[in-house]
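Engineer: Dropping a structure here in structure tokens format, bear with me for questions.
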Amino acid sequence: MPKGTRTTPDPVVLSIGGSVLLTGEGDRAYVEDLAGRLLRLGQQLPLLVTTGGGRTAREYIRLGRELGLTEVELDEIGIEVTRLHARLLAGRVGPPCPARPPATVVEAILELRNASPVILGGTEPGHTTDGVAALLAVRSRAARVVNATDVDGVYERDPRVDPTARRIERLHWKEFRAMVHAATTTDAGQNFLFDRLGADLLARAGISLRVVNGRDLPNLEAAVVGERFQGSQVDP
Ligand code: UTP
């Protein structure tokens, strides 16, 4: 490398499921630990983080559906909850992380020029915060996306239905996309390992996805920085 040339690491995008952030058990200690790590990681590399809406979003969406709201209105309610979670986490991380979650992918990437980590919730109706994470990754030319979820990887079959199902440590986008498309609908409040739009975008861009248990923070950190980790990796 020529003398004086500065290299910045490629950005990393982390999608944290709402069901990981708020479980009702040990949430305060978890969010404190997570926030401390995000602050430190954000100094090492440009870090974009999305937060999901979890159970809270699903409860509002269920009630809204019973009240006859449209799917778009339900998505918008979901987005508000994801932003609430982004504010909570960003508030604990503190400066330089912006306290107000950016409302769009473009705004988040612009913020990343001056601040890291940048934490946001949803953006527009029709996908989930995994879709936002994928859009951020494609636009920022990220090295990888890490999906922090409430299971510890991709299983050959649903392990809650079949306890003998094994975790798949490495798989290709073609296989994973087929799994995502088979398991999800486009309705508000859908919930699977990763959303359709996100899987399609990352597959097309050839960006890897790591799926980890979000409550295991040392492992999550290893996945973010590109070290060996426990979970599943989806590759082009
Ligand atoms: P989530 O990203 O939380 O989806 O958004 P999820 O699949 O329920 O994920 P977990 O459980 O947190 O891991 C909640 C809902 O908000 C709407 C969708 O209806 C989504 O299901 N949403 C979210 C959008 O419409 N657009 C967005 O950009 C984000």
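Engineer: Going from the alpha-carbon gyration tensor of the chain, what semi-axes, largest first and in whole Å, does one get by taking the root of 5 times each eigenvalue?
Structural biologist: After scaling each eigenvalue by five and taking roots: 26, 22, 18 Å.
Engineer: Then there's this: Give the residue from L45, L201, C97 lying farthest towards the positive end of the charge dipole for the chain; charges sit on Cβ (+1 for Lys and Arg, -1 for Asp and Glu) and the dipole is referred to the Cα centre.
Structural biologist: Value: L45.
Engineer: Here's something else I'd like to know. In the range 14-120, which trypsin sites (Lys or Arg not before Pro) are in a loop and have at most 11 other Cβ atoms within 10 Å, using DSSP for the loop call?
Structural biologist: R113
Engineer: Follow-up question, since we're still on this one. Among DSSP bridges having both ends in the chain, what percentage is antiparallel? Round to the nearest 5.
Structural biologist: Of the beta bridges lying entirely in the chain, close to 20 percent run antiparallel.
Engineer: Would any residue of the range 146-178 have its amide N under 16 Å from a label point 7 Å out along Cα→Cβ of D33? List them or say none.
Structural biologist: 148-152
Engineer: Given Cβ point charges of +1 (Lys, Arg) and -1 (Asp, Glu) and nothing else, what value in debye, to the nearest 20, does the dipole of the range 121-236 about its Cα centre take?
Structural biologist: In total the dipole reaches around 340 debye.
Engineer: Quick one: pull the percent of accessible area on the range 106-185 belonging to carbon and sulfur, 1.4 Å probe, ligands and nucleic acids left out.
Structural biologist: It is 50 percent, rounded to a whole number.
Engineer: Same structure again: How many angstrom lie between the Cα centre of the range 125-160 and the Cα centre of the range 50-90?
Structural biologist: Result: 18 Å between the Cα centres.
Engineer: Still on this model: Where does the charge balance sit around E124 when Lys and Arg score +1, Asp and Glu -1, over other residues with C-beta under 12 Å from its C-beta?
Structural biologist: Result for the neighbourhood of E124: -2.
Engineer: If you don't mind, another one. Please compute the Cα-Cα pair-distance distribution of the range 80-126 with 10 Å bins starting at 0, giving whole percents from short to long.
Structural biologist: P(r) over the range 80-126, rounded to whole percents: 32, 56, 12, 0.
Engineer: Now for a different question. Give me the accessible area of I119, 1.4 Å probe, in Å² rounded to the nearest 10.
Structural biologist: 0 Å²
Engineer: Placing +1 at every Lys and Arg Cβ and -1 at every Asp and Glu Cβ, with all other atoms neutral, what dipole size does the chain have around its Cα centre, in debye to the nearest 20?
Structural biologist: 840 debye
Engineer: Please give the length that would be gained between R113 and E156 if that part of the chain were fully extended, namely 0.36 nm times their separation in residues minus their C-alpha to C-alpha distance (nm, one decimal).
Structural biologist: Computed gain between R113 and E156 is 11.5 nm.
Engineer: Find me the longest stretch of the chain that has none of the exposed GluC sites (Glu not before Pro), where exposed means in a DSSP loop (not H, G, I, E or B) with at most 12 other Cβ atoms within 10 Å.
Structural biologist: In the chain, the maximal stretch lacking such sites is 26-168.
Engineer: About the Cα centre, and with charges only on the beta carbon of Lys, Arg (+1) and Asp, Glu (-1), how big is the dipole of the range 1-92? Nearest 20 debye, please.
Structural biologist: Rounded to the nearest 20 debye, it is 580 debye.
Engineer: Leaving out ligands and nucleic acids, note down the accessible area per residue over the chain with a 1.4 angstrom probe, in whole Å².
Structural biologist: Here the residues of the chain average 50 Å² of exposed surface.
Engineer: Continuing with this model, one more query. Under 13 Å from the Cβ of N219, count the other residues' Cβ atoms, weight Lys and Arg +1, Asp and Glu -1, and hand me the total.
Structural biologist: -1
Engineer: How much accessible surface does H127 have with a 1.4 Å probe, in Å² rounded to 10?
Structural biologist: Accessible surface of H127 is approximately 40 Å².
The values are calculated or read from the model by the stated rules, or taken from the named source; none is laboratory data. Model, not experiment: these values are computed from the prediction. Here Cβ is always computed from backbone atoms with ideal geometry, including for glycine, and neighbour counts include all displayed protein chains. Quick note on the areas: whole protein, heavy atoms, side chains included, nothing else; ligands and nucleic acids left out. Shrake-Rupley method; radii C 1.70, N 1.55, O 1.52, S 1.80 Å.
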